[in-house]
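Some notes on the structure that comes next.
Derivation of every value follows stated rules applied to the coordinates shown; laboratory data play no part. As the structure is a prediction and not an experimental result, all values here were calculated from the model. For neighbour counting, all protein chains shown are included, and Cβ atoms are generated from backbone atoms with ideal geometry for every residue, glycine included.
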Amino acid sequence: MTAEATDETASQLLSLGEWHERLGEHFSALAAQRAAGGWPVFALEHGLELGEVMALKQAVRDALTIHAPSERHFLPWVVYAAEHGYRFAGHEFWPSFLKLTPGWNDRWRHYIRDSFKKFAASYYGAVPEGIWNENRPIISWPITHGILPHDLQEQLTRVLYEVSGSLEPWLFGDPLALGTHLQEEGRRCHTSMRYREFAEDPRLLGHITAALLIEEPEREVLSKRTLKRVVDDINSVRASAEFLTGARDTARYLRLRGLATRVDGNGRDRDGQAPALEIGSSLDALRARFILRPSADYEWDALVELPDLEPVARRGAVFRADLERCRARVDASAAKLLARGRLLGSGAQRLLLSDWPTSNAPLVELEGGSPDLRVLIGATLRALNGENHAFHVAADGMAYQQVSRVLRPGEQYVILRRDAVEKPVEGIRKARIRCAGIHAIQFTVPSVVDDLWQTLLANLDLRAAHSLEVWPVGLCPVAWDGGGEASWLESDEVLLGVRTDHLVDTIDVSLNGGAVRSIACDTQSSEPFTIVSVGRLLKGAYVVSIRTRSALSPSQPAGQLCVRIVSRLGTTSGRSERLPVALATYPAVPSLEDIWEGKMQLAVRGPTDSHIRCAITMRAGKPAKILFAKSTNRVRLPVTSESWDRLFQKYVRDDKAAGEAVEESSELSIVFEAGALGSCSVRAEREFAPLRWATRRVNREAKIALIDDAGALPVRVHFRPYERPDASEEIALADATEGLGCLFPGGLLIGTDGVRTGAAVYVPALRGLSQEQLRTVPAVPQARPEAAALVSLLLAAAEWQGARVKGDGIALEFRRRATRTLLAEVCSAVGGPTWRRAEQVWSADDSDGALATMKQSLTDHPDERIVGAMIIAGAQEWLPHDVAARLTTLTDGVARFARCTKTGLLAPMRQTGAVPLSAPAAHLAAIHELCEFALLVASSPVALANRYTMSEIETGLRRLLARPFILRGARLAVVAVHRCGVLLQASDALYAGWE
Amino acid sequence: MLEVLGVPAAHERVLSSLKLNECCTTLHDMEALAALVRRAASLSCPCPPRVIRQRVGLGVRGLVDPTAVDEERIGACLDAVTAYGDLLELPSRDEEDARNVLYLAPPAFVETAPGIVYLVGIQPEGQGMVPGRLSEMIEYSGVARRMRYSSADDLPNVLKGLGLQAMLPKLWFQQPRAEQPKDVISRYDAQLAQRTTRGDLSGLEVLDTSRNPLYYRGRWSAPGRLSGRFVGRRVQTYGAPLWVYVELDMGTPTLLLDLHSQEWSSCDEAWRLQMAIDAVNGKPQQFRADLVEGDKVIVRLFSPVPSWWQRRWNVLGRRVDVERCLMAYELSLEQYCAELTMLTDELWLRERTDTN
């Protein structure tokens, strides 16, 4: 028998107490070693062989058959739970823990957390941080101590490979900074929701990354055995292994570079060369670039190139969320509106300009988003300042906006001017520009610039340069404006060609004003060019200064080239504007539930007239088992959000099999396949909310159970039956976690611990629903026209609208019906008896006839009828999503024609802190605010609840009760747009056109 | 860090950046030019071919002999990279702009035989096709990139895991069914007859069938006073030229068919149609085969052949730079013999010997 086998056998005989003692010694030694370096200890660093781990697990299970977990022997439990955390696959921690731990009682969950806390205090153990920890205060411990769970290994290595080019040497010495950097950079890598949650603890992320990337650390950050285990598991999947190797290669290179370029006390590196300049913030490089594209001889299209707004998104989670959520309006462009998420993570995008933007005006306006972000975007992406602009016609035929006012002899330029030049002098030609509000002239600067040309150029606020030519040599740079600015990737060697057209003695070159390198020019040389290597530079901005010297002529040309070194953008997700098929989704990482419930917006663009097929697959388990798969017929590009909704409805939601599969699935993938043009895909996982509802089968009976991964606060559960969506009954927590059986037609289940809420509309799946069952409609007793009562109805409506759907596919429709019923009752109660009848007609049949009834019921007064006419006429033009125009029309109509606004002045509901307005102006602002409030009441209770506090909602309702015409008008606008929207496209929204 | 480099040293640095030190000695080599084209495309697409030609041209200015690597040679290399499948020429994605532009073909691989995969497509943003260690396994041959592997490596699955798409060889090598040249012309004539008169077309150039097929560039001409049906190109100010089949009456276009289908690229359609026209006119396009080094054959082509054919020969042999022809491939004698029948029967080419 070998020594190892003997140890294993011996370890099988250890009691829990003996395991505790052995682990205590091990972790004490490790803690002493780590504390000096500041790196924490993880429970997975237990130092046990595989056989010993098995023995420890058995000892834990055996002990549990005898007594409850003991505080005295917490270390075996800590290791046991950390091992479970390492194997955790991202779904239902406690059910799987229970399955592997016979006799486990969920009441002991706190024991696990307390044990880890004790471990952290006694052995310098890691402490989980971030939102992930706040939402899951118990399971965050074993998962954190599982270091890098299996299911995240492939994703982390992919992210490391993609972002490794953006790392900087100093980051390797600071785990928090490294983790924060990876957290930000990783957001553009289209990782899963679960990975994103994992990455919310930047310290842990940085720690793990440092351990993985630094192969020969100055100090140990993770025990060798544990690191080997993790790396071996990563290497068992070859693609992950290759990603890790690639990332390690880059890290090694960067660390060496970091060592080689340490700065001395004078801020210079060892070569006497200054490091990258601090030229403003990272947003400085972020600006709109104007380009002219030739459409014919002396005829140009104007384009604007908008940068990827990733650097803005890195300024905060709110900014990122807003950039993913909000569409961008570019009024000067022909496209006007850009799909959600299009400006994030797909590289720079060129848009055709139909109108030349006003000087220095903001170019891009977000539809929504925080005021700070809007200001930032407005300040960053602006139109060109001034009245005339020089564009250099580059070798590729395009004309690029030039910052410098110095033109080079022999080169061709286009000058854009606000004023037309009616009769240009000889040598200058009028050019046509296919963009309103701007004129163009075009000319080639003569090789010899005489007095006349100097005057001409001076009139245009330009001047000519002596000829000193500098250009990028070798690898094509990322960008080159043909003049004074070029960008390279971080790994590129910057090579420049330098040429003068006159005799010089030397060419002096310097970097960032550092040591000057004089290059003697041999007039006899056969090579008329000089090639200068600036070397490989770290990320940042540099200035290369070049000056010629000649004993014959003291006045010699000099120039500067701004060299920007940028990170390589990783692209293994297959999403890029450079590929033929481009995909954007909102949310950027949708959940399975988002897709199923039609809450994901999607746009696929591709070459005109090309077609794609779409394959939708639902999977569950490991190895994954396919539960549903379907391919669509060929679809013509582009796919818009509306056409996607129709496609998904037709091929998936209308298929009974999909409805059955979705409940069992843990992943849903959508692949758009365009043959040789490539493919793009969306992969969505089931939500992993701390409080959530899941369906399951218990003894062949379908049940719905509450899963509580938060586990920190007492949870209350209540149920609203579908037939009476306003009613509520309390349910025992034990019953809810055990699983609830439910009779058709089900209802809304809500679990909340006061901080977190999990809600689901559940309709039990039946073999086949009868027509009568399908027609089941909810009902609400007539509400009193009192604000407090109506607030309750609105909050109930918000609960229904915001809930996930579970069980039968009809649950989506039932959720909509219940929410609409509640909203209709609120509007009826406020609108009055005539309006109530109109609402009833509309509820029964949302036809043109019903719409006419609503319009008729709006008012008896002839002036106010004009508002109805404005709304009906506007509804045709407002589509698809111009909410601002709807609000403006309603406000305008109400202010001009509604009698209720003519008596007394209204004050705004909310104090904005802005400059105080005059009473009439405040009155108008209050009408605008009330109309906006009314539109939200009439269209989306969730949006209302997100926007206003309870007391504000009550105040707003009181105001509407006093001015019911406004709510009737808002409601008419909602149903009129909905009617037009439904005619044009299928929609899963509560009301079409009001998503 | 500032350093003045001589031209050979600069070549070495650039080749090192491209990881081509092993297979190239200078930037004049086809492998090096193709890599520069792919790099420029990776950072420029979607764009017209001209942008890539100019960006590569600017990069090699001062480094190469301008008579050996001129815009024409870079253009030929770009065409070869496109024909190989690394780039796709397609209508623009912008609805307001119908011009053709080049897109990166999605990164993919084709397993042509057990143990050999060819890499096709380009990673955006200057990213390598595969991560570090694997990239050392890439062999460069003309415009082709291939990787050899043992069965234990399971390379195809690794590449899939890295995000590359597996492309079936039959899709990559797909070619139209064999037809008689007159049938090909009849098919296009029928389509052309359904088109309406387009009148004057500025920037139209046609392949003059009366001119010598041994000098492809010399066959291009303005419509002048030509009459008949011709393959041609309509130049666009910014986008790639559009291939057309046009009927001229004394130089004036009377019927015009834009050549584009979902199945084949427009240049492939045009080149094949021109081959059929030349064959029917009794002046078929020609090739010349020379035996070198005992068992290798250099096949010179004087007119472009469709991309499916170029792909096939990139795999069977390799593209080489040979003077006095439009393109040339090196094949083994055995492969050449196997291909000979297809050259004459499917592309209707005639072998040129010293006697003719």
Problem - Paramagnetic label zone (point 7 Å from Cα along Cα-to-C-beta, B:E334; backbone N under 16 Å) in the stretch B:283-302 - result: B:294-297
Practice task
Give the cross-link partners of A:K118 among the aspartates and glutamates, using a straight C-alpha distance below 19 Å as the criterion and excluding same-chain residues fewer than 8 apart.
Solution key: A:E18, A:E21, A:E25, A:E45, A:E71, A:E83, A:E129, A:E134
Practice task
Return the subset of A:K599/A:K650; A:K57/A:K228; A:K703/A:K806; A:K599/A:K806; A:K650/A:K703; B:K170/B:K296 for which the Cα-Cα distance in this structure is over 18 Å, preserving the input order.
Solution key: A:K57/A:K228; A:K650/A:K703; B:K170/B:K296
Completion exercise
the stretch A:422-463 scanned against label point 7 Å out from A:Y298 along Cα→C-beta; backbone N under 14 Å for A:422-433, A:440-444
Completion exercise
For B:K160, counting only aspartates and glutamates whose alpha-carbon sits under 15 Å away and dropping same-chain residues fewer than eight positions off, the answer is A:E154, A:E242, B:E111
Problem - Anisotropy class of the stretch A:21-71 from Cα gyration tensor, a/c 1.5 cut - result: prolate
Problem - Alpha-carbon spread of the stretch B:217-356, three principal axes, descending order, Å - result: 52, 35, 26
Practice task
Averaged over every viewing direction, what's the projected area of the C-alpha convex hull for the stretch B:1-126? Give it in nm², one decimal, please.
Solution key: 9.6 nm²
Handout entry: Restricting the stretch A:395-436 to GluC sites (Glu not before Pro) in coil, as DSSP defines it, with at most 14 other Cβ within 10 Å
Key = A:E422, A:E426
Exercise for the section: Please say if the stretch B:172-290 is rounded, prolate or oblate, where rounded means a/c under 1.5 for a ≥ b ≥ c the square roots of the C-alpha gyration tensor eigenvalues, and otherwise the choice is prolate for a/b larger than b/c and oblate otherwise? Expected result: rounded
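Check each of the GluC sites (Glu not before Pro) in the stretch A:55-125 and keep only those in coil by DSSP with at most 16 other C-beta atoms within 10 angstrom; list them in order.
Answer in residue order: no site qualifies.
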Handout entry: For q = 0.13, 0.16 Å⁻¹, Debye-computed log10 I/I(0) when each Cα of the stretch A:443-490 counts as one equal scatterer
Key = -0.46, -0.61
Handout entry: Proximal aspartates and glutamates to A:K630, defined as alpha-carbon separation beneath 15 angstrom and excluding residues fewer than eight positions away on the same chain
Key = A:D654, A:D655, A:E660, A:E667, A:E673
Fill in the blank from the handout: Spelling it out for A:R724: with amide H atoms placed in the peptide plane at 1.01 Å from N, the residues 5 or more places away or on another chain with amide H under 5 Å from its amide H are A:A779
Handout entry: Under the Karplus curve 6.51 cos²θ - 1.76 cosθ + 1.60, θ = phi - 60°, whole-Hz ³J(HN,Hα) for the stretch B:204-215, x wherever Gly or Pro sits
Key = 7, 10, 10, 8, 6, 5, 7, 8, 4, x, 7, 10
Problem - Whole-Å distance, taken between Cα centres, linking the stretch A:185-253 and the stretch A:397-458 - result: 54 Å
Exercise for the section: Give me the number: length gained by fully extending A:A89 to A:D505, i.e. 0.36 nm times residue separation minus the C-alpha to C-alpha distance, one decimal in nm. Expected result: 142.8 nm
Practice task
Can you tell me the equivalent ellipsoid semi-axes for the stretch A:699-784? Use √(5λ) from the Cα gyration tensor, largest first, whole Å.
Solution key: 25, 19, 9
Problem - Shape of the stretch A:355-507, Cα gyration tensor, a/c cut at 1.5 - result: oblate
Fill in the blank from the handout: Cα-based Rg then Dmax for chain B, in Å, read 21.0, 67
Exercise for the section: Would you please name the trypsin sites (Lys or Arg not before Pro) within the stretch A:761-866 that are DSSP coil residues with at most 13 other C-beta atoms within 10 Å of their C-beta? Expected result: A:R767, A:R775
Completion exercise
Using the Cα gyration tensor of the stretch A:614-667, the equivalent ellipsoid's semi-axes, largest first and to the nearest Å, work out to 23, 12, 9
Problem - Where only alpha carbons of the stretch B:20-71 are counted, the Rg and the Dmax (Å) - result: 11.0, 32
Completion exercise
Here the net charge surrounding B:D345, from other residues whose Cβ is less than 13 Å away from its Cβ (Lys, Arg +1; Asp, Glu -1), is -2
Completion exercise
Distance in Å, no decimals, from the C-alpha centre of the stretch A:691-751 to the one of the stretch B:218-254 is 73 Å
Completion exercise
For the stretch A:791-906 the translational diffusion coefficient, Stokes-Einstein from a Kirkwood Rh over Cα pairs at 20 °C and viscosity 1.002 mPa s, in µm²/s, is roughly 132 µm²/s
Practice task
Mean Kyte-Doolittle of at least 0.5 plus a Cα span of 15 Å or more along the axis: flag which DSSP H helices in chain A meet both, please.
Solution key: A:50-66, A:202-213, A:787-802, A:883-897, A:919-939, A:964-984
Practice task
Report the Stokes-Einstein translational diffusion coefficient (µm² s⁻¹, integer) for the protein assembly as shown, Rh taken as the Kirkwood radius over Cα pairs, at 25 °C with viscosity 0.890 mPa s.
Solution key: 69 µm²/s
